[in-house]
Amino acid sequence: QVQFVESGGGLVQPGGSLSLSCAPSGSISSLNTMGWYRQAPGKQRELVATITRSGFTNYPDSMKNRFTISRDNAKNTVYLQMNGLKPEDTAVYYCNAWIGTLNYWGQGTQVTVSS
């Protein structure tokens with residue numbers, strides 16, 4: 001069973017930056033679109049960004065400018081660079097990945113933006 005593991009979450013002050021990463025626990029092939037979602041307390045999970053294997057990115061309008069998704073296909077790793085963080089960005093951030101027609105979620109990493 002493939003597992004995706006996120007890292008890089010933590011506590012950051014408003015205006016600060018964090019970088020998240022996500023990689024599978026083992027060696028895999030055919031890793032297609034990867035992405036990041038987040039879920040704040042009492043809210044639904046929402047899309048942050050996705051990136052195809054060829055590097056095409058997609059962001060909701062609310063996530064543009066401050067968030068940047070990237071990937072390293074050689075390492076099967078997806079990254080999320082977050083700048084200018086605000087308290088409302090506080091959430092659990094989840095990695096998502098497609099391997100063929102199968103979809104996988106990471107366990108999530110907490111990001112807290114607070115002074």
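Per residue, the accessible area of the chain comes to 53 Å², computed with a 1.4 Å probe over protein heavy atoms only.
Only protein atoms count toward the accessible area here, which uses a 1.4 Å probe; on the chain, the carbon and sulfur part of that area reaches 48 percent.
Computed extension length for residue 13-residue 39: 7.4 nm, one decimal, from 0.36 nm per residue of separation with the Cα-Cα distance subtracted. Semi-axes of the equivalent ellipsoid of the chain: what are they in whole Å, largest first, if each equals the square root of 5 times a C-alpha gyration tensor eigenvalue? Result for the chain: semi-axes of 23, 14, 13 Å.
Projected label points at residue 101 and residue 29, each 7 Å from Cα along the beta carbon direction, are separated by 1.9 nanometres.
Spin-label model, residue 110 to residue 70: label points 7 Å out along the Cα-to-beta-carbon direction sit 2.9 nm apart.
For every other residue with a beta carbon closer than 11 angstrom to the beta carbon of residue 67, add +1 if it is Lys or Arg and -1 if Asp or Glu, then tell me the sum.
Result for the neighbourhood of residue 67: +2.
The values are calculated or read from the model by the stated rules, or taken from the named source; none is laboratory data. All values derive from a computational prediction rather than experimental measurement. All Cβ positions, glycine included, derive from the backbone under ideal geometry; neighbour counts span all protein chains shown. Calculation scope for accessible area: heavy atoms of the full protein, side chains included, ligands and nucleic acids excluded. Shrake-Rupley method; radii C 1.70, N 1.55, O 1.52, S 1.80 Å.
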